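Where a number appears in this text, it was derived from the coordinates with a stated rule and is not lab data. Quick caveat, the model's predicted, so the values are computed rather than measured. Ideal geometry is used to build each Cβ from the backbone, glycine not excepted, and the neighbour counts take in all protein chains shown.
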Amino acid sequence: MAILSVNCGSSSLKYQLYDWNAQKALAGGLIDRIGLENSNIAHKYAGQKIERKTGCADHKTAFHLVLDFLLKEAKLIGSLADIEGVGHRIVHGGVNFSASALIDDAVLEEIKANKELAPLHTPPNVTGIESARAAMPDTPQVAIFDTAFHQTMPEYAYTYALDYALAQKYKIRKYGFHGSSHRYVSERAAELLEHKKNSKIIILHVGNGSSLSAVKNGRCLDTSMGFTPLAGVIMGTRSGDIDPAVVQFLANKLNEPADRVLDRLNKESGMLGVSGFSDQRDILAGAGQGKGRCKLALQMQAYSMKKYIGSYLAALNGADALIFTAGIGENSPDFRRAVCENMEALGLELDDARNQESNGSERLISAPNSRIKIFVIPTNEEFIIARDVMELVSIR
């Protein structure tokens, strides 16, 4: 069974063509910087890595670039009919989706209705679905919701201290996101810990969007993102946690509606707002050139992570492992060092040599005397998507 996993992020599209019967990926890749003049395109298949730069105006264009590659260049499929199911990572399931679902018109409309809860991601999610349904109208499409993994949070963790009746009426609560990533990484961490009973794990999924989770015995106890992906730690363009009174203050000062201020917090804040850059590579380069705002942004980001780690150590009463994953978490030793330094009293100590390794594989990077093991585990949201597609398609 060939399954295509599609993961449309705010400015990227990750994909994987998975042979479920052989339990292996036939191809995978990433198109990022979508909407910019020089988008990065990377495909991996048959031991090869093909990289190029080209203009990619939107997610629909990116999706068709993937299909063209699979059909015409890699020739991994003879026709689109060879793909027996397509799985789409959907950021927000709202209150009506606590598990993956086959996509029909009603499900698609419900996804669209959640746009205001995830304004950066829902539009590209919908574009991915609509592009796939148009190209493969007879192929089952499955939505895999990022919020599902966090549904195990206890009520005291997901409830906001608002007027209780209003919160219940409008379903205002913490949902959490990046669930497919946290789910995959928590499963792999348990295996690396040799399925240690009563395992306690803290996961740092750090990319342009970032979230942390506290996972006990495979179940999410708490997570940093909230009602929307805007909450939590400082991110590429998102402010993270901020005094909510700032929204009204800026609305008054700028004579702008609240929607515009929230747009600023989602798209013009975070690392971009402080440093002028949203890409970690540009910020690191700027800091290396002595740019003060780039240095400040990096310090702020690491500090926000430390605070969440500390709170989750308290919530879990200690931890067996701290996991770095996603683009920045997997690929930036400088970021990992900044987060872990001066945390020895809490049981975290990096091995500098291991931390500098960049082989792209799962690896232990903590020092031998670190009480808490520190791992890099490359995330594989596409595998989780493919697995859920296989399960839902097989029971149709």
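Taking 18 Å as the cut-off for C-alpha to C-alpha distance, list the pairs among Lys200/Lys373; Lys196/Lys216; Lys115/Lys253; Lys253/Lys291; Lys267/Lys307; Lys49/Lys75 that go past it.
Lys115/Lys253; Lys253/Lys291; Lys267/Lys307
With a/c under 1.5 counting as rounded, go ahead and sort the stretch 1-71 into rounded, prolate or oblate using the C-alpha gyration tensor (a ≥ b ≥ c being the square roots of the eigenvalues; past the cut-off, prolate if a/b is larger than b/c, else oblate).
Here the stretch 1-71 falls in the prolate category.
Using a 10 angstrom cutoff on alpha carbons, build the Gaussian network for the chain and name the most mobile of Ser224, Ser213, Ser79.
Among Ser224, Ser213, Ser79, the largest mean-square fluctuation in the Gaussian network model of the chain belongs to Ser79.
Need the list of aspartates and glutamates near Lys72 for cross-linking: C-alpha distance under 19 angstrom, and skip anything on the same chain fewer than eight residues off.
Lys72 reaches Asp19, Glu51, Asp82, Glu84.
List the residues whose amide H sits under 5 Å from the amide H of Gly87, counting only those 5 or more places along or on another chain, with H placed 1.01 Å from N in the peptide plane.
Sorted by chain and number, the residues that satisfy this are Leu4, Ser5, Val6, Val142.
Output wanted: per-residue J couplings in Hz (rounded whole) for the stretch 303-309, from phi through Karplus 6.51 cos²θ - 1.76 cosθ + 1.60, θ = phi - 60°, x for Gly and Pro.
After applying 6.51 cos²θ - 1.76 cosθ + 1.60, I find 5, 5, 5, 4, 5, 5, 4 Hz.
Whole-Hz ³J(HN,Hα) for each residue in the stretch 153-168, computed from phi via Karplus 6.51 cos²θ - 1.76 cosθ + 1.60 with θ = phi - 60°, x for glycine and proline: what do you get?
Working through the residues one at a time gives 4, x, 4, 5, 8, 9, 8, 8, 7, 10, 3, 4, 5, 5, 4, 5 Hz.
Give me Rg over Rh for the stretch 2-145, both radii from the alpha carbons and Rh done the Kirkwood way, two decimal places. Present the calculation step by step, with values, prior to reporting the outcome.
On the way: Rg = 14.8 Å, Rh = 15.4 Å.
With Rh from the inverse mean 1/r over Cα pairs, Rg/Rh is 0.96.
If you take the square roots of the eigenvalues of the alpha-carbon gyration tensor of the chain and sort them as a ≥ b ≥ c, do you get rounded (a/c under 1.5), prolate (a/b over b/c) or oblate?
Cα axes put the chain in the rounded bin.
Helix-derived [θ] at 222 nm for the chain: sum -39500 (n - 2.57) over DSSP H runs of at least 4, divide by residue count, nearest 500?
-11000 deg cm²/dmol
For a footprinting-style exposure proxy, rank Cys294, Cys340 by other Cβ within 10 Å, fewest first. Intermediate results must be reported in sequence, preceding the final value.
On the way: Cys294 22, Cys340 26.
With the sparsest Cβ surroundings first, the list reads Cys294, Cys340.
Most mobile of Asn380, Asn21, Asn217 per a Gaussian network model of the chain (Cα springs, under 10 Å)?
So, out of Asn380, Asn21, Asn217, the one fluctuating most is Asn21.
Based on Cβ point charges of +1 for Lys and Arg and -1 for Asp and Glu, what charge dipole magnitude is obtained for the chain about its Cα centre, in debye rounded to the nearest 20?
Its charge dipole is roughly 620 debye.
Please report, in debye to the nearest 20, how large the charge dipole of the stretch 229-382 is about its Cα centre when each Lys and Arg carries +1 at its beta carbon and each Asp and Glu carries -1 there.
It comes to approximately 440 debye.
Name the aspartates and glutamates eligible as straight-distance cross-link partners of Lys53: C-alpha to C-alpha under 17 Å, and not fewer than 8 places from it in the same chain.
Asp32, Glu37, Asp68, Glu73, Asp279
What ³J(HN,Hα) values, in whole Hz, does the Karplus curve 6.51 cos²θ - 1.76 cosθ + 1.60 give for the stretch 245-252 when θ = phi - 60°, with x put for Gly and Pro?
Here the 3J(HN,Hα) series is 5, 4, 4, 5, 4, 5, 4, 5 Hz.
Quick check on the chain: of the DSSP beta bridges with both residues there, what percent are antiparallel, nearest 5%?
DSSP beta bridges in the chain are roughly 70 percent antiparallel.
I need Val91, Val142, Val66, Val107 ordered by Cβ neighbour count within 10 Å, fewest first.
On the way: Val91 28, Val142 25, Val66 21, Val107 18.
So the residues, fewest neighbours to most, are Val107, Val66, Val142, Val91.
Please report how far the C-alpha centroid of the stretch 181-240 lies from that of the stretch 281-315, rounded to the nearest whole angstrom.
After rounding, the separation between the Cα centres reads 18 Å.
Would you list Met305, Met343 from fewest to most Cβ contacts within 10 Å? Provide the component values of the computation, followed by the final result.
On the way: Met305 24, Met343 19.
If I rank by nearby Cβ atoms, fewest first, I get Met343, Met305.
Whose amide H sits under 5 Å from the amide H of Asp222, counting only residues 5 or more places off or on another chain, with H placed in the peptide plane?
Sorted by chain and number, the residues that satisfy this are Ala214.
Looking at the square roots a ≥ b ≥ c of the eigenvalues of the Cα gyration tensor of the stretch 195-376, which shape do they give, rounded for a/c under 1.5, prolate if a/b is larger than b/c, or oblate?
On the way: a/c = 2.40, a/b = 1.48, b/c = 1.63.
Taking the square roots of the gyration eigenvalues as a ≥ b ≥ c, the stretch 195-376 is oblate.
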